[in-house]
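A.B. asks: Please see the structure below; I have some questions.
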Amino acid sequence: MVGMTVSLGMPKAPDPVLSPRRQTRQIKVGAVGVGSESPISVQSMTTTPTTDINSTLQQIAELTAAGCDIVRVACPSQDDADALPAIAAKSPIPVIADIHFQPKYVYAAIDAGCAAVRVNPGNIRKFDDQIAEISRRAEAAGVSIRIGVNAGSLDKRLLEKYGKATPEAMVESAVWEASLFEEHGFRDFKISVKHNDPVTMVRAYELLAERGDWPLHLGVTEAGPALQGTVKSATAFGALLSRGIGDTIRVSLSAPPVEEVKVGTHILQSLGLRPRKLEIVSCPSCGRAQVDVYKLADEVTAGLEGMEVPLRVAVMGCVVNGPGEAREADLGVASGNGKGQIFVKGEVIKTVPESQIVESLIEEAMRIAEEMGEPVDGEGDGEGVAKPTVTVG
């Protein structure tokens, strides 16, 4: 390896995308741009009581570290509204206040310095009568709005008209509210039309995208536990984002909110809509495998957790696809007969016993990170990548 020049990391050219972004108007959520001129952002929502300011800020810090761009906090009571100024002032990312039922909390959130307010037209009393004042106050404060239409809280008049929360019913609600804001000269809003069924949700966003240039916030509401919710969200988001529809996303899981951010980030990376960081390529295993691929993949993933460099690592278990996949990756191993060939950018650099595969891969990953200027063990100006400790059984 002495004197060898190795091209490391991902290509400089952007990843290909399936379709160009749909052209939408540009708005701001604090410092984060939302619209076709800006990258697609990932959102989540805190699960702590908003009144517990310290716990809420701690969770926001964890979400930020996981890659969250925008965070939403619930505001169902006056005590919650009273906590918003401190949270909005100290949060490292823009805060959206989530408002239902009581219009007075919309004004409280604007006055508190929140970056945006989510309003639910279906359950805020006499909401349409409030739009003129909301528009005036929001514009004066530089606060954007999300018109959040949900299948579970659709206006009763529309439920009577359509019989249930159809795509057409949700879109009619959203377009009507959008027209009212625009009548009052307010255009700094995005729209969501969420449903728990991916097919219905996708159709609603397709219809909505045809009606105007509003930026759209994508979400499958009440998507379910981690596995089910991930599948439903990935299916729906993939169908829309692959055609350029969507400007910001939230994966709604019955799981810790950090998991929502991780899933959302991976969805965008998989579609070439967010720069890739660490990517593990591993085979599903089969009767040809001569090593425990599941164990190897899990241990390598755990050992490299937190790595920020754009690195593709292949963990392969047999001689059919293993060498080819390992060569295509930045770093990889092709395993078999109790040993593994370690590849760096297509070149075999060494062969190690199976018991040393994980350790060798992580050592090479740390070396690559250092060569790419990523500090390890806390060295350098930033926190860097913590050097992992791996125990191989």
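A.B. asks: Quick one: in the stretch 141-161, of everything that is among the small types (Gly, Ala, Ser) and assigned to a helix (DSSP H, G or I), which residue is surrounded by the fewest Cβ atoms within 10 Å (Cβ to Cβ)?
C.D. replies: Restricting attention to the stretch 141-161, the residues satisfying the condition of being among the small types (Gly, Ala, Ser) are 141-142, 144, 148, 151-153.
This time we only want the ones that are assigned to a helix (DSSP H, G or I), so: 141, 151-153.
Details: Ala141: 16, Ala151: 23, Gly152: 13, Ser153: 18.
Ranking the candidates gives Gly152 first.
A.B. asks: While we're here: Return yes when Val358 is open to solvent by 30 Å² or more (accessible area, probe 1.4 Å) and at pLDDT 85 or above and no when it is not.
C.D. replies: Considered against the rule, which asks whether it is open to solvent by 30 Å² or more (accessible area, probe 1.4 Å) and at pLDDT 85 or above, Val358 comes out as no.
A.B. asks: Tell me which residues, restricted to the stretch 196-223, are under 19 Å from Arg118 (Cα atoms) and out of contact with any Lys or Arg (no Cβ under 9 Å at 6 or more places or on another chain).
C.D. replies: Selection gives Tyr205, Leu208.
A.B. asks: Please verify whether Thr50 is crowded, with 18+ Cβ neighbours inside 10 Å, in the same structural domain as Val143 (by the TED database) and at pLDDT 95 or above, treating the condition exactly as stated.
C.D. replies: Spelling it out, Thr50 is indeed crowded, with 18+ Cβ neighbours inside 10 Å, in the same structural domain as Val143 (by the TED database) and at pLDDT 95 or above.
A.B. asks: Here is a follow-up. Return yes or no: is Ile368 touching a helix residue (DSSP H, G or I) at 6+ places or on another chain (Cβ under 7 Å), assigned by the TED database to the domain that holds Ala297 and either at pLDDT 85 or above or among the hydrophobic types (A, V, I, L, M, F, W, C) (or both)?
C.D. replies: no
A.B. asks: Follow-up question, since we're still on this one. Restricting to the stretch 253-288, name every residue that is basic (Lys, Arg) and within 26 Å of Val358 (Cα to Cα). Show your work before the answer.
C.D. replies: Filtering the stretch 253-288 for residues basic (Lys, Arg) gives 262, 274, 276-277, 288.
Lys262, Arg276, Lys277, Arg288, listed by residue number.
A.B. asks: Follow-up question, since we're still on this one. Among the helices (runs of 4 or more DSSP H) lying completely within the stretch 162-271, list those that include at least 2 residues that are open to solvent by 20 Å² or more (accessible area, probe 1.4 Å), of a type outside the set (Asp, Glu) and closer than 19 Å to Leu63 by Cβ.
C.D. replies: 226-241, 257-270
Okay, residues lined up against (1) open to solvent by less than 30 Å² (accessible area, probe 1.4 Å); (2) more than 16 Å from Glu260 (Cβ to Cβ); (3) touching a Leu at 6+ places or on another chain (Cβ under 9 Å); (4) not assigned by the TED database to the domain that holds Leu159:
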position	(1), (2), (3), (4)
Thr46	yes, no, yes, no
Leu63	yes, no, no, no
Cys75	yes, yes, yes, no
Asp79	no, yes, no, no
Ile87	yes, yes, yes, no
Asn120	yes, yes, no, no
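The values are calculated or read from the model by the stated rules, or taken from the named source; none is laboratory data. Everything quoted here is computed from the prediction, not taken from an experiment. As a convention, Cβ positions derive from the backbone with ideal geometry for all residues, glycine included, and neighbour counts pool all protein chains shown. The protein model used for the area step is the full one, side chains on, heavy atoms only, and it has no ligands, DNA or RNA in it. Shrake-Rupley method; radii C 1.70, N 1.55, O 1.52, S 1.80 Å.
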